[in-house]
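Working notes for the structure below.
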Amino acid sequence: MKEISEGVYFIPGQDEMIPDSHMYVLGKISSGDISLVDAGLMGKGGYKIESVQGLGIDLSDIKRVIMTHTHFDHIGCLPEILDVIPHAQLWLHRNEAEPLEHGDERTVYGMEMFQDMSHAQYGTKAGTFCFEADCKLEGGETLEIGDMSWEVLFVPGHSLGGIAFYNRPGKILIPGDVIYADYAIGRFDLHGASGPQLKQSLLALAELEVDTLLPGHNHIMEKVPVGYIRETAEQWGPYLT
Ligand SMILES: [Zn+2]
Ligand SMILES: [Zn+2]
């Protein structure tokens with residue numbers, strides 16, 4: 001784990017055959033109002049919780065888990081985490097909250113092959129990922145949490161209800177799986193994905209001034225070159241039709 005800046009902490013995913021998403025911990029520790037962004041793969045809940053505790057955070061200060069989106073490499077260990085901190089709220093975009101509330105797991109698994117694999121390898125069952133959302137985000141909100149301010153951007157395309165979080169004063173962007181380091185972008189072939197929407201989302205993120213990019217997987221970028229997101233969008237544009 002690593003402190004990116006005061007109130008922003010990085011807990012790297014521990015990839016196996018399937019990737020484990022990174023978790024970001026948001027909120028100044030003195031505020032007693034801590035948010036976790038994304039959980040991770042099945043089986044990684046213990047590691048993530050221990051890492052949060054390693055930051056000196058009292059588990060009772062964790063007020064919510066906010067999901068960039070609900071693919072199983074991000075939501076897989078949410079049940080494990082909520083077992084340890086049942087008081088935490090669950091915040092996510094409406095487009096992915098509503099299916100989850102109805103037990104519709106198509107977005108979680110993305111395709112049938114992944115569902116079959118998860119059931120076989122991790123012992124998940126139909127209905128493992130059925131949650132009530134405490135807050136359904138739309139995009140456009142500004143969250144005043146943990147003595148910080150995070151703008152919520154609706155960035156569909158990789159999934160139906162992807163959201164990104166932007167801290168304008170620190171120029172920090174958490175884009176979920178929309179864009180990564182090394183000019184990579186999220187896949188756009190899973191349930192609810194759309195190439196043209198992903199392109200629009202990339203172009204919307206390209207409008208932001210970003211110094212620090214904290215994606216869902218792989219490297220983080222602490223000195224983002226000017227124009228990086230726009231260049232990435234332009235390189236991928238021909239495929240996003
Ligand atoms: Zn994803
Ligand atoms: Zn992911």
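The values are calculated or read from the model by the stated rules, or taken from the named source; none is laboratory data. As the structure is a prediction and not an experimental result, all values here were calculated from the model. Every residue, glycine among them, receives a Cβ derived from its backbone with ideal geometry; neighbour counts consider all protein chains shown. With ligands, DNA and RNA removed, areas are computed over all heavy atoms of the protein, side chains included. Shrake-Rupley method; radii C 1.70, N 1.55, O 1.52, S 1.80 Å.
Numbers for the structure displayed
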{"read-out": "Contact order relative to length of region 1-113, as percent, for alpha carbon pairs under 8 angstrom and 6 or more apart", "value": "21"}
{"read-out": "Extension gain (nm, one decimal) between Gln89 and Asp15, 0.36 nm per residue minus Cα-Cα", "value": "24.0 nm"}
{"read-out": "Using θ = phi - 60° and Karplus 6.51 cos²θ - 1.76 cosθ + 1.60, couplings along region 134-149 (whole Hz; Gly, Pro as x)", "value": "8, 8, 9, 8, 10, x, x, 6, 10, 8, 9, 9, x, 6, 9, 10"}
{"read-out": "Heavy-atom accessible area order for Tyr109, Tyr180, largest first, 1.4 Å probe", "value": "Tyr180, Tyr109"}
{"read-out": "Farthest positive-ward along the chain dipole, Cα basis, beta-carbon charges - from Ser21, Ile174, Cys130", "value": "Ile174"}
{"read-out": "Long-range amide H partners of Gly13 with built H, under 5 Å", "value": "His22, Met23"}
{"read-out": "In nm, spacing of pseudo-spin labels at His119 and Ser5 (7 Å Cα→C-beta vector)", "value": "4.6"}
{"read-out": "Amide H partners (placed H, <5 Å) of Leu90, local residues excluded", "value": "Val65, Asp134, Cys135"}
{"read-out": "From phi via Karplus (6.51, -1.76, 1.60), per-residue ³J(HN,Hα) for region 164-171 in Hz, x at Gly/Pro", "value": "10, 10, 10, 9, 5, x, x, 6"}
{"read-out": "Estimated 222 nm signal from helices in the chain, with DSSP H stretches of n ≥ 4 weighted -39500 (n - 2.57), rounded to 500", "value": "-7500 deg cm²/dmol"}
{"read-out": "Sites His219 and Cys130, calculated FRET efficiency, Cβ-Cβ separation with R0 30 Å, nearest 0.05", "value": "0.35"}
{"read-out": "For the chain, size of Cβ-based charge dipole, Lys and Arg +1, Asp and Glu -1, in debye", "value": "240"}
